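Right, one structure below, let's go through it.
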Amino acid sequence: MLERMARPLRGLSNGIATATDAVYRPLGRPGRLLQDLLNGSWLGHSVHAVLVDVVIGGTTMALFLDVLRVFFGVDHLEIAATWVLGLAWLAALGAILSGLTDYKDTSPNSAERDVTGLHGLVNIVATLVFTVSLVQRLNSAHDAAFWVLLIGYLIVTAGGYMGGHVVFKYGYMVNHNAFSRGKRAKEFTPVAAVADLPEATPTKVMFGTTAVMVVRRGDVVHALKETCAHAGGPLSEGELKDDTITCPWHSSVFRTADGSVVHGPAGSRQVFYRARVSEGQVELQGPYD
């Protein structure tokens, strides 16, 4: 149902994602660091989800305080409700910025982008309604502000449902390797002849049924799972620079030695393997994360 509702907005959704990407690109390294901050690469998962918790929790508490005042006659709660709603409003602004930053890397013309775009638009409307309620409170119109907040709360609840749909149906901003660890080996296991691995070139090899990206420099070998943790991109087709590999799809950057995230949008460490050269063969052990 949500997919059908969101499909007519596809042009707008694609436009918003393109515009967001166009804002970041000219910013260079500062823009990249800002993306890392808003994607949550430093945190280990999406910052957007953390901020949304504050929005939902804060507006719930503000509404509860209003209900106590309006229906149960509890006095002197106006200031508390205003401060709580103010905190939720600030978190909502952060959720919009972080959400747009995540959203620009969704696949164009996809149902995932369609529904995510609808989710974002609904929550932007809710934030505008919260703004009206907050301004009313600052002007001492607390009774009117309660009813406006109630409307905004119903809207943000619908937006939250859409956000959950995107996460649970499409795995949006979820580690794509979380449920597919693949072959495990306690002992070092041969996967390829050294002669078959070009020097300093990302190369895809098979570890049982699991695809692994291997980089060899002399007798030093590093190995990461081929599938990017962010959205499943093929790391062996990415750019190798010094001790990092950049995913070709959305430019997440990982250290080849241990899979740690250097730059987002990935928030989860890439699965890695211990690797060695023995008797002309590259051998792997693992995986580890």
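Under 6 Å by Cβ, and 6 or more places apart or on different chains, what pairs join a residue from the range 176-187 that is closer than 10 Å to residue 225 by Cβ with one that is at pLDDT 80 or above and part of a loop (DSSP other than H, G, I, E, B)?
Cβ pairs passing all conditions: 176/229; 176/232; 177/229; 177/271.
Just name the residue that is nearest to residue 119 (Cα to Cα) out of those in the range 174-195 that are crowded, with 16+ Cβ neighbours inside 10 Å and within 20 Å of the chain's Cα centre (by Cα).
Per the stated criteria, the residue is 174.
Any idea which residue in the range 58-86 is surrounded by the most Cβ atoms within 10 Å (Cβ to Cβ), counting only those that are farther than 21 Å from residue 157 by Cβ, free of Cβ contacts under 8 Å to residues at least 12 places away in the same chain and not acidic (Asp, Glu)?
83
Which ones in the range 100-111 are surrounded by 19 or more Cβ atoms within 10 Å (Cβ to Cβ) and either hydrophobic (A, V, I, L, M, F, W, C) or in a helix (DSSP H, G or I) (or both)?
Selection gives 100, 101, 102, 103.
Just the residues that are over 20 Å from residue 182 (Cα atoms) and surrounded by 15 or more Cβ atoms within 10 Å (Cβ to Cβ), please, taken from the range 268-289.
The answer is 277, 281.
Take the residues in the range 120-173 that are within 16 Å of residue 48 (Cβ to Cβ) and small (Gly, Ala, Ser), then tell me which one is surrounded by the fewest Cβ atoms within 10 Å (Cβ to Cβ).
Out of the qualifying residues, it is 164.
Which condition breaks for residue 97 when tested against (1) buried (at least 20 other Cβ atoms within 10 Å of the Cβ); (2) under 14 Å from the mean Cα position of the chain (by Cα); (3) at pLDDT 95 or above?
(1)
Going by the structure shown, is residue 216 surrounded by fewer than 22 Cβ atoms within 10 Å (Cβ to Cβ), under 27 Å from residue 190 (Cβ atoms) and in contact (Cβ under 8 Å) with a residue 24 or more places away in the chain?
Against the criterion (surrounded by fewer than 22 Cβ atoms within 10 Å (Cβ to Cβ), under 27 Å from residue 190 (Cβ atoms) and in contact (Cβ under 8 Å) with a residue 24 or more places away in the chain), residue 216 does not qualify.
Only one of (1) at pLDDT below 95; (2) buried (at least 21 other Cβ atoms within 10 Å of the Cβ); (3) of a type outside the set (Ser, Thr, Tyr) fails for residue 48. Which number is that?
Among (1) at pLDDT below 95; (2) buried (at least 21 other Cβ atoms within 10 Å of the Cβ); (3) of a type outside the set (Ser, Thr, Tyr), residue 48 violates only (1).
Of all residues in the range 200-249, which are farther than 21 Å from residue 171 by Cα and in a loop (DSSP other than H, G, I, E, B)?
Within the range 200-249, 200, 201, 202, 208, 209, 218, 219, 238, 242, 243 meet the criteria.
The values are calculated or read from the model by the stated rules, or taken from the named source; none is laboratory data. This is a predicted model, so every value here is computed, not measured. Note: ideal-geometry Cβ built from the backbone for every residue, glycine included; neighbour counts use all protein chains shown.
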